[in-house]
Amino acid sequence: MERRHIQHLYWRAGFGLRPEELNRLSGLSRDQIVGDLFESSRSVYPLRIDLSEFNGFRADMAMTNKKELREFIERSRVRIKDFNYAWVNRMVNPKAALRERMTLFWANHFVCRDSHIGFVQQYNNTLRKHALGHFGDFVKAISKQPAMLKYLNNKHNIKKSPNENFARELMELFTLGPGHYTERDIKESARALTGYFHDFKGRFVFRYRQHDMGVKRFLGYRGRFTGDDVVNIILAKRQCARFICEKIYAYFVNETLVQDHIDQMVEVFYRNYKIDKLMRFVFQSDWFYDEKNIGSKIKSPVELIVGIRRTVPIEFRKINESVVIQRYMGQPLLYPPNVAGWKGGRNWINTNTLLLRLKTPSILLSNGIISIKEQGQFFDPMFDRFRPDLGGKKIFDVVPDWDSFESEFKGIDIEEMTTYMLQTSLSEETSNMLNDLSKLNKKTFCVQLMSLPEYQMC
Amino acid sequence: MKRRDFVKQTSLASGLFFVPSFIQAFDGIVGAAKGYRRLVIIQLSGGNDGLNTIIPYRNDIYYRNRPKIAIQRNTQLRIDGELAMHQNLTPLKRLYDNGYVCILNNVGYPNPDRSHFRSMDIWQTASHSHEYLSSGWLGRYLDRHGDEPYNGIEISDKLSLALTGDKSSGIATNNAGRLYRTAQDPYLKLLIKHHRDEHLSEHNLGYLYKTLIQAESSAEYIYETTRKGRSYQRYTNDSFGKQLKTMAEFINSGIQTKVFYTSHEGYDTHAGQLKTQPRLLNVFSKNLEAFVNDLQKGGSFDDTLIMVFSEFGRRVRQNAANGTDHGAANNVFIVGKNLKKNGIYNGLDDLRRLDANGDIRYEIDFRSIYSTILRNWLGVQDDLILNDQFEYLDFI
């Protein structure tokens, strides 16, 4: 398999490759490499932070003691940031790269947001567990998660007064897409989804007395349906497979859909709704490696940050700063804007975010300075409000591990670094510009490469 | 749309199509381009309690529902036989008495959402309650009628959804100098020098380069233009005061910006409301008056329309913590010199007919305000931007 193709696969199915990993894989066949990718993602490694501080909180206390409850919410808020940082770290060093990539993808499909750290963590691990599993099981699990029951109000969906919020988004955003069901279908499926609840610890509770046992008419079927029945009926529609395949194609392959490729994917997915089978088919397809798909995607803020940190490991001394960067770039993980999630593509880019994205590598690695010619010129960076005035040493309180970088790039010629770090070929103009700059050393050149618009692509 | 069309179209809207803005600079007014209509949006974030802002001071239901936090009768600035302003809105009352303010009551939308994020999104994108749009209404205005990112400026360090379009977006800055220095990064300048517009492809990478080139020229334009901007008034020394001061300087400099956006935070008063809201109203109205006076001095007030909104109002009944929870319909202020209708646009809804949550029902869809502003003030076709037709109002 061509090195460029291996890199392409790993940028889309994982988070890019370090030079040593790339060298290890090159020379292997596509079957071997794709097989290896799936093999290493077979196990599920849940992501957990230490939440023992909350062990003392009990339902009755939170209900009766307002002060306790406020303290719980406040501490939870802080810990969600810790979880955000742990998640980014996981993507920087994933044991199961594909599973982590799928987890990130599904987090922007089954979009959910909550302020309870326990539920947030539980939800995130549900995504991870089902990321490559059976799509129907996945939807059913999501529908019973406390975070989702809260977020789309299904815990308030009871026989006497149905709440249609979850039922609507289930079809519009999670399975079928708009236009493939009626308002009546929403009402009827909302009835089937009544009685869903969870306890204080986040365990699913089915409240029979709040469940509407009556007959429902849904998508052409008639019966005393439950919530799980509703999911099964949706899956029987080929449109459900198509909707998911289109979204996967847009995210993993190209935003411009090719109908023929989608049809092939639907053929595979509709058979049994196994996500791993579908993804294997995509990564084995010749069209996945078409030239027009390589390096054509604008990295999401998380892809950008994780990519930088995979090349030069960075430790954030202040976890909040890691979240702040995501927020300013427009993708704070665990804080999606709404249930439709982030749109992606060119939507990541505006004047402000682009300048920040181009400056971020230097802000994190060289205190805002991108060298030109021999001497780096100092200037006021955009984010001087983050810079401690004492000595002006650092904009962010971060520690880059350049030793690790040096050892990864040890055997690599400085001229060769471009092919390891960029997914698009350089235009003549950019090459000319880089040639004019003196290549002082690999560190400086690394920051220069990362500060190119080309580095924004994968 | 090409730049020339933009200039033509916007000056047509102002009725001064034969006087280019650079000539107007000679007629004695410092900086500000006459006849260049602009819109200013001030967002009160957190859900301002409209009932304690514009108070129904003769309404028993109001007093019964708010035993601890109702504003007492004798301390208010009366507007008419029903409504009065909070005493900390004295500066706003002065503007009101000059005929510069129109108050619209019961503004909201069908199936109101009581989440801050969601309701703010609905207001910013002008979507229906069940619809998720990824572009803001002002962003879509810029898509159609803008030309450069600086045609829409948010005084903030992060661009909000309102000014994010499908194709183009506004620009956010708190400090023109800082933005300029960032864009002046020697390395980025070098990159720009090597890339000329005409060689760039329509693909994503070309798009990034185009955006970068535009960012640099916008930052330079904003910095160079606003250096001439002056403000003459005293603002409070907090972030909102600074934002409005910056905005006044920008506007008085004659910058070619059609839409300005800024927000005032902190209105989510679930507890101890009487300790926070009056302070916020004081800051809000003091700075608003200073801002209007600044524009008058700079000769820009005639061409400026200001809209003040919040993502929702608050519940009529107070809660146990002497605060109020998230509600629904609320009041909106329109501030400008030549309003077609000033004063109270429509009375407060009957507090006996609240919705199931105990919130005020909406009478005016907020998108009617948008459509009226787009058509009657900015002179553009509103339904193309709002994706729907809404009834026009006649405040402007």
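Read-outs throughout are calculated quantities, based only on the coordinates presented, and are distinct from any laboratory measurement. Quick caveat, the model's predicted, so the values are computed rather than measured. Glycine gets a Cβ as well: all are built from the backbone with ideal geometry, and neighbour counts include every protein chain shown.
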Cβ neighbours within 10 Å from other chains - mean over A:175-185: 0
Partner aspartates and glutamates for B:K275 [C-alpha distance under 16 Å; skip if fewer than 8 residues away on the same chain]: B:D49, B:E265, B:D325
Coil-residue trypsin sites (Lys or Arg not before Pro) of the range B:173-260, DSSP, other Cβ within 10 Å capped at 11: B:R196
Helix axis angle, A:259-272 relative to chain A longest principal axis, alpha carbon, degrees: 50 degrees
Rounded to whole Hz, the Karplus (6.51, -1.76, 1.60) HN-Hα couplings of the range B:100-108, x for glycine and proline: 9, 10, 10, 10, 9, 9, 6, 8, x
Trypsin sites (Lys or Arg not before Pro) within the range A:258-361: DSSP coil, no more than 11 neighbouring Cβ in 10 Å: A:R317
Reachable aspartates and glutamates from A:K410, criterion Cα separation under 13 angstrom, eight or more residues apart if same chain: A:E20
Unit charges on C-beta of K, R, D, E only; dipole of the range A:40-133, Debye: 300 debye
Estimated inter-spin distance, A:F281 and A:E255, nm [label 7 Å along Cα→Cβ]: 2.6 nm
Estimated 222 nm signal from helices in chain B, with DSSP H stretches of n ≥ 4 weighted -39500 (n - 2.57), rounded to 500: -10500 deg cm²/dmol
Between the range A:7-53 and the range A:222-266, the Cα center-to-center distance that results, in Å: 26 Å
Average beta-carbon neighbours from other chains, 10 Å sphere, peptide B:167-179: 3
Cα extents of the protein assembly as shown along the three principal axes, largest first (Å): 84, 73, 51
Peptide B:208-218, shielding by other chains (average Cβ, 10 Å cutoff): 4
Cα lying deepest toward the dipole's positive end in the range A:301-456, options A:I370, A:G330, A:I308, charges on Cβ: A:G330
0 to 90° range, to nearest 10: angle between helix B:239-252 axis and chain B longest Cα axis: 50 degrees
Residue range of chain A that is longest and free of chymotrypsin sites (Phe, Trp or Tyr not before Pro) which are both DSSP loop and sparsely packed (at most 15 other C-beta within 10 Å): A:1-199
The range B:64-80 - phi-based ³J(HN,Hα) in whole Hz, Karplus 6.51/-1.76/1.60, Gly and Pro as x: 5, 7, 10, x, 9, 10, 5, 8, 5, 4, 7, 9, 10, 8, 6, 9, 8
Exposed GluC sites (Glu not before Pro) absent - longest run of chain B, DSSP non-H/G/I/E/B, at most 11 other C-beta within 10 Å: B:1-201
Entries in A:K443/B:K189; B:K245/B:K337; A:K442/B:K158; A:K155/A:K277 that, when Cα-Cα distance is taken, lie over 23 Å: A:K442/B:K158; A:K155/A:K277
HN-Hα J in Hz across the range A:195-208 - Karplus 6.51, -1.76, 1.60, θ = phi - 60°, x for Gly and Pro: x, 7, 8, 9, 8, 4, 7, x, 7, 5, 10, 9, 9, 3
Length-normalised contact order of the range B:97-238 in % [C-alpha pairs under 8 Å, at least 6 apart]: 16 percent
Distance cut-off 26 Å, percentage of C-alpha pairs in the range A:301-456 lying past it: 28 percent
Inverse of mean 1/r across different Cα pairs in the range A:40-133, Kirkwood, Å: 14.4 Å
222 nm mean residue ellipticity, helices alone, for chain A (DSSP H n ≥ 4; -39,500 (n - 2.57); rounded to 500): -15000 deg cm²/dmol
Candidates per trypsin sites (Lys or Arg not before Pro) in the range B:310-382, loop by DSSP, up to 10 other Cβ within 10 Å: B:R352, B:R353
For the range A:40-133, with +1 on Lys and Arg beta carbons and -1 on Asp and Glu, the positive-most of A:H116, A:N89, A:F57 along the dipole: A:N89
